[in-house]
């Protein structure tokens, strides 16, 4: 079984749309994204600075746009059962790929998600990462610096969130203890209790959305813990609550392996999810869409099975 992984916010490249920029199948996705960006995303990505692209709302819209645009260009080939899941905001794209939302509705809800997160989080939030610190040592630092775990990844890689000054202080201390650390471009403490007020209105928006049943040939897993989702109605609270609760991506990758997945395609942006899957489950073939030079090359790979 093939699994599609939908990426979260990260460093956005001005080449992120090159693979599908001129593809007719992706045009409806670009048109829908234009409504929320105020400009065509293909032009937007080339004319904004890195700081402008890292703004939470902008980053979320561009991330989901990229994933859905690539999917639109390969969707006709995905006729067998596939699994799909998403990392952080990538879950918005995953629900669309699973058949619950059309691309334009997924982008509308992503726009709302980003705005609700910003209004509830307050200023000066930040995400950082710590790799290589054991759990006890990390828990001590989290308590001391008033930070929270935002995402648990494989290989002792943990994303932390909190006030920017506290995240910086924790990373500095963890580095002195031998860990690899750094700040992420995301300037909001996603997946922490700082965003708790966004959950209820976001769930209400999901409940009221234009949605359909999960497609019969799609297996949708929650990105937060790998639990299988059988209907949107039963999972809107789970999806909404993930903005204020930690994500266990390591558990999600394990769930994919237990499902019998034999190949993974990271739809991006980037290739971080493919790398994490490869490290976590070395027996599974892992590829990233951005590793293909042309959409024809990607389509041939999918067609070859």
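The values are calculated or read from the model by the stated rules, or taken from the named source; none is laboratory data. Just so you know, these numbers come straight off a predicted model, no measurement behind them. Counting neighbours? That spans all protein chains shown, and the Cβs are built from the backbone with ideal geometry, glycine included.
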Notebook entry, point to check: In the stretch 143-158, which residues are closer than 17 Å to residue 188 by Cα and without any contact (Cβ under 8 Å) to a residue 60 or more places away in the chain?
Noted result: 145, 146, 147, 158
Checklist line | Count of the stretch 93-138 residues which are touching a strand residue (DSSP E or B) at 6+ places or on another chain (Cβ under 8 Å) and in a helix (DSSP H, G or I) | finding: 5
Checklist line | helices (runs of 4 or more DSSP H) (entirely within the stretch 1-88) containing at least 2 residues that are buried (at least 24 other Cβ atoms within 10 Å of the Cβ), at positive phi and within 19 Å of the chain's Cα centre (by Cα) | finding: none
Note to self: Restricting to the stretch 121-140, name every residue that is touching a residue at least 24 places away in the same chain (Cβ under 8 Å) and farther than 25 Å from residue 252 by Cβ.
What the structure shows: 122, 124
Item checked: Failed condition for residue 167, given (1) outside the structural domain of residue 101 (by TED's automatic domain parsing); (2) out of contact with any helix residue (DSSP H, G or I) (no Cβ under 7 Å at 6 or more places or on another chain); (3) loosely packed, with under 15 Cβ neighbours inside 10 Å -> (3)
